[in-house]
1. Run down Leu321, Leu247 and say which single residue is within 21 Å of Gly212 (Cβ to Cβ), assigned by TED's automatic domain parsing to the domain that holds Leu339, in contact with a helix residue (DSSP H, G or I) (Cβ under 8 Å, 6 or more places away or on another chain) and buried (at least 18 other Cβ atoms within 10 Å of the Cβ).
2. Check every one of the helices (runs of 4 or more DSSP H) wholly within region 84-186 and list those with 2 or more residues that are crowded, with 18+ Cβ neighbours inside 10 Å and out of contact with any Lys or Arg (no Cβ under 8 Å at 6 or more places or on another chain).
3. Of the residues Ser277, Ser259, which single one is assigned by TED's automatic domain parsing to the domain that holds His301 and out of contact with any strand residue (DSSP E or B) (no Cβ under 9 Å at 6 or more places or on another chain)?
4. Which of the residues spanning region 133-173 are of a type in the set (A, V, I, L, M, F, W, C) and within 15 Å of the chain's Cα centre (by Cα)?
5. Considering (1) at pLDDT 85 or above; (2) within 31 Å of the chain's Cα centre (by Cα), say which one Gln192 fails and leave the rest.
6. Just one of Ala349, Ala307, Ala337 is assigned to a strand (DSSP E or B) and either more than 25 Å from the chain's Cα centre (by Cα) or among the small types (Gly, Ala, Ser) (or both); which is it?
7. In region 252-267, which residues are of a type outside the set (Val, Ile, Thr), farther than 14 Å from Glu278 by Cβ and in a loop (DSSP other than H, G, I, E, B)?
8. Only one of these conditions is not met by Thr171: (1) in the same structural domain as Thr258 (by TED's automatic domain parsing); (2) modelled with pLDDT under 85; (3) of a type outside the set (A, V, I, L, M). Which number is it?
Amino acid sequence: MNVKLFAKKVETFHWQLAELYQYAYSSIDEQPNLLPAAFKELGIASEELQVALEELQLKNEELTSARAALEAERQRYEDLFEFAPDGYIVTDRDGKIIEANRAAAQMLNVSQMALAGKPLAIFIPPEERKDFRTQVNRLYHDNQAIWGEMRLQQRHGEILEAAMRVATIRTPNQPVVLLWLLRDITEQKRAQRENNGLDNSKDRPVYVYTKGEIISLKPQVIWQVSKGLVKLSTLCANGEEVIVGLLGPQMHFGLSSTSLQTYEAKALSDVHLVCFSEAEISASPSLAQSLLTQMNQRLQHTESLLAIFGQRRVIDRLICLLYLLKQQIGEPVEKGARLSVRLTHEDLANTCCTTRVTITRLLSKLQQQGKILFDSKQHIILKDVSLQNGKL
């Protein structure tokens, strides 16, 4: 029933009822048709009210059913959140914890109830909290999901390494919140470091390539970098070079690991290499296991490059690239981390998909901001580089 029409009929009925009351004190003889008319009007009104009641009952049943379905759906998603194997944390725009699931509480070694209202920054190592707060502020303004790795400090001091993904949620008429997905990869990282420490190159001949020299690629041969930095690249249809890899020590490459028709390996510094044949790897399970773990490192490196290429702004691509190089070839020095290989502006420009002039200008800007500096041999020293997609 149309609610407005029903309301109008009810109003008319009240008006007619008021008339009946008005004539109630008059003589029946003077109004002989009054009583039949009243009964008729009351009968019609009663029928309409009965129909309206039935429709309201039907609507109420539909609303009750819809509410039960919504409640079941809400409970299902709450259970998915609560019992997920990975840690989920919801914070406000300043990084204060609003809600956390069981996995997150176990990861941080704190009860769920105690987590609510606490700044997430207190679970970051003290020396990294400044960068963390800067990153949270950038998350709020950039409104883009980020991923990478971060270090967490449990209650009572144990340090964890975690893979993380963070998204900014903006809902009309609701406060902005940040959604954090955290996965403990401490053991994975420890095993990776142990495997990377295996000396696969022991008692093997070392092949030396000088800076700028093209490295020969042979079928069924895998190269392992022992020292230096190797650039892997291909060519577009228009002849432009595209960087597909920047490989440091303990990383592998070869023709068997690519499907590109055009593939070139070039030494960006003096490079020491050792090689393995595919037949040798197949015959040695221990060697295959060790190389498999290091191949996984190569895959992570490729994903990092893809994430860098996905950055819209050139400055973000450059910053992420510098941090990636810091992880691969960085050497701790008094003022920060020094890149052991001297990269030209052209090398950085090709990797960041921009021009040499732009890279020169951005490096100068970062130097003015005090984030990088150059030593006497023009090697870059990173002091305070914050990332959008990478480690916090």
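1. From the options Leu321, Leu247, the qualifying one is Leu321.
2. Where helices (runs of 4 or more DSSP H) fall fully within region 84-186 and carry at least 2 residues being crowded, with 18+ Cβ neighbours inside 10 Å and out of contact with any Lys or Arg (no Cβ under 8 Å at 6 or more places or on another chain), they are 102-108, 129-142.
3. Residue meeting the stated conditions: Ser259.
4. Val136, Leu139, Ala145, Ile146, Trp147, Met150, Ala162, Ala163, Met164, Val166, Ala167, Ile169
5. (1)
6. Only one candidate passes the filter, namely Ala337.
7. Scanning region 252-267 gives Ser259, Leu260, Gln261, Tyr263.
8. Of the numbered conditions (1) in the same structural domain as Thr258 (by TED's automatic domain parsing); (2) modelled with pLDDT under 85; (3) of a type outside the set (A, V, I, L, M), the odd one out for Thr171 is (1).
The values are calculated or read from the model by the stated rules, or taken from the named source; none is laboratory data. Every value quoted in this text rests on a predicted model; they were computed, and no experiment measured them. FYI the Cβ positions are ideal-geometry reconstructions off the backbone, even for glycines, and counts take in every protein chain you see.
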